[in-house]
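For reference, the structure is listed below as structure tokens.
The values are calculated or read from the model by the stated rules, or taken from the named source; none is laboratory data. Quantities reported herein were computed from a predicted structural model and do not represent experimental measurements. A quick note on method: Cβ atoms are made from the backbone with ideal geometry, for glycine too, and the neighbour counts reach across all protein chains shown. When the accessible area is computed, the model is the full protein with side chains, heavy atoms only, and any ligands, DNA or RNA have been set aside. Shrake-Rupley method; radii C 1.70, N 1.55, O 1.52, S 1.80 Å.
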Amino acid sequence: VFEDGEVRFASGCNTGFGQAEVSGATIEVGPVASTKMGCPDDLAALEMAIVTVLDGTVTAEIDGTTLTLTNGDRGLVLSADS
């Protein structure tokens, strides 16, 4: 969630947040902090993917109900169900 200059996420195990400045299709994300609960491997991998993409300059693209966030060669695809 991007709101009020902040990004927040939930991986299904931990939650995290960081500063975020949105300018058009570019988002500058500051350091992200998260809770440190031990997670099953699949959720730990998801959390690592989220934190890796949300580090520095992120490009956002919306296509219908799909949001794609990319940072270098890493990306996340989020889809809203109708």
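Where in region 32-75 does the amide nitrogen come within less than 17 Å of the point 7 Å from the Cα of Gln19, taken along Cα to Cβ?
32-34, 54-58
For Lys36 and Thr59 in the same chain, what is the full-extension length gain: residue separation times 0.36 nm, less their Cα-Cα distance, in nm?
5.6 nm
Using a probe of 1.4 angstrom, how much of the accessible area of the chain is carbon and sulfur, in percent?
Exposed carbon and sulfur together represent 54 percent of the surface.
With a sphere of radius 15 Å drawn around the Cβ of Thr26, what net charge do the other residues whose Cβ falls strictly inside it have (Lys, Arg +1; Asp, Glu -1)?
-4
Taking θ = phi - 60°, what integer Hz values does the Karplus form 6.51 cos²θ - 1.76 cosθ + 1.60 yield along region 64-80, in sequence order, with x for Gly and Pro?
x, 9, 10, 10, 10, 10, 10, 9, x, 9, 9, x, 10, 10, 10, 10, 9
Given the rule -39500 (n - 2.57) for each run of at least 4 DSSP H residues, summed and divided by the residues of the chain, what is its mean residue ellipticity at 222 nm, to the nearest 500 deg cm²/dmol?
Dividing the helical sum by the residues of the chain leaves -5000 deg cm²/dmol.
If I fit a long axis through the Cα atoms of helix 41-53 and take the longest principal axis of the Cα atoms of the chain, what angle between them do I get, 0 to 90°, rounded to 10?
So the helix axis and the longest Cα principal axis differ by about 40 degrees.
Run the numbers for Thr52 and Val77: contour at 0.36 nm per residue of separation, minus the present Cα-Cα distance, in nm.
Residue separation times 0.36 nm, minus the Cα-Cα distance, leaves 7.6 nm.
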